[in-house]
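What follows draws every value from the coordinates through simple rules; no lab data is involved. Every value quoted in this text rests on a predicted model; they were computed, and no experiment measured them. When we count neighbours, we look across all protein chains shown, and the Cβ atoms used for this are built from the backbone with ideal geometry, even at glycine.
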Amino acid sequence: MNNYRIPSISNTCAIFQLLTSTRKAMSASEIAKELELPRTSVFRVLKTLEEEGMVRGVGKNYVMGHRLINLGLQVVSQIPERQLCVPILRGLTDETGESSHFAILSGSNSLLIEVCDSPHALRVASRPGTLADMHCSASGKCMLAYASNEAREDLLNRIKFNKRTEFTHTSKESLLPELEEVRRLGYAVDNVEYHDHVRCLGAPVFNAIGQVAGAIGITAARSRFPKSLIPDMAKTVISAANKLSAQLGHKP
């Protein structure tokens, strides 16, 4: 274990990640069970966070606090790619008719920081601020595929290979060949691996020094996005990603 690691802070971060990724209020017992931590320790952390406005008590349960939400919004507003990607995402949604998004790496997850909704009544895109599993999301696969060898190995060792659908990769060994294919093709596909009946496609965005800065993608209902459309959709998404890369100073 890292000698500089402080367990209580690590536990606090784990609680933050859990509360921000779940859509329901959770009790101290539920949080402790999910994170495999002592209930007493979790309860003390929650009470401290509640006093600081970072979490909010709802009966015996807890949700994110307004102060934590405000901090998150301030951080997102300072990400330079966020403002640059907005018109590009709008153009991508206009061209494809589907919801588009831009995601960046956050810990061992893919973090959606901007979403442009499709005009369809049935929308399947996640909201800005969503933390997505990297092994079964198109944006996550892009960032894994184009990370340095060392960074990729570190991420793969930290990922929990949660099985979300019958098509989800459940091991590093299963995912690695697809990451090679992503590098060959220049795009990644969530082929109904994250949600049933939803297909996504993403392409990497690079910064001025050639590092992967995130990924632009589209999310669509499986019925509107059959496999036959993947090649044409990939060209459109790659073009949008290249536009943002160029604005970030990347020169192929």
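Data for the structure
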read-out: Computed E for SER8/ASP232 - FRET, C-beta separation, R0 35 angstrom, nearest 0.05; value: 0.10
read-out: Folded to 0 to 90 degrees: helix 80-96 orientation relative to the chain principal axis, Cα; value: 50
read-out: Highest-MSF residue in the chain out of ALA220, ALA138, ALA147 [GNM, Cα springs under 10 Å]; value: ALA147
read-out: Helix 172-185 vs. the chain, principal-axis angle (Cα, 0 to 90°, nearest 10); value: 40
read-out: 21 Å Cα-Cα reach of LYS251 towards lysines, excluding residues that sit fewer than 8 places from it in its own chain; value: LYS235, LYS243
read-out: Top of PHE43, PHE167, PHE225 by mean-square fluctuation, Gaussian network on the chain, Cα under 10 Å; value: PHE43
read-out: Among THR48, THR130, THR219: highest mean-square fluctuation, GNM of the chain, C-alpha pairs under 10 Å; value: THR48
read-out: Part-to-part distance (alpha-carbon centres) for region 188-252 and region 159-179, which is given in Å; value: 19
read-out: Estimated distance in nm for a label pair at ASN162 and GLU181, the labels positioned 7 Å out from Cα along Cα-to-Cβ; value: 2.4
read-out: Within the chain, helix-based [θ] at 222 nm, where runs of 4 or more DSSP H residues each add -39,500 (n - 2.57), nearest 500; value: -14500 deg cm²/dmol
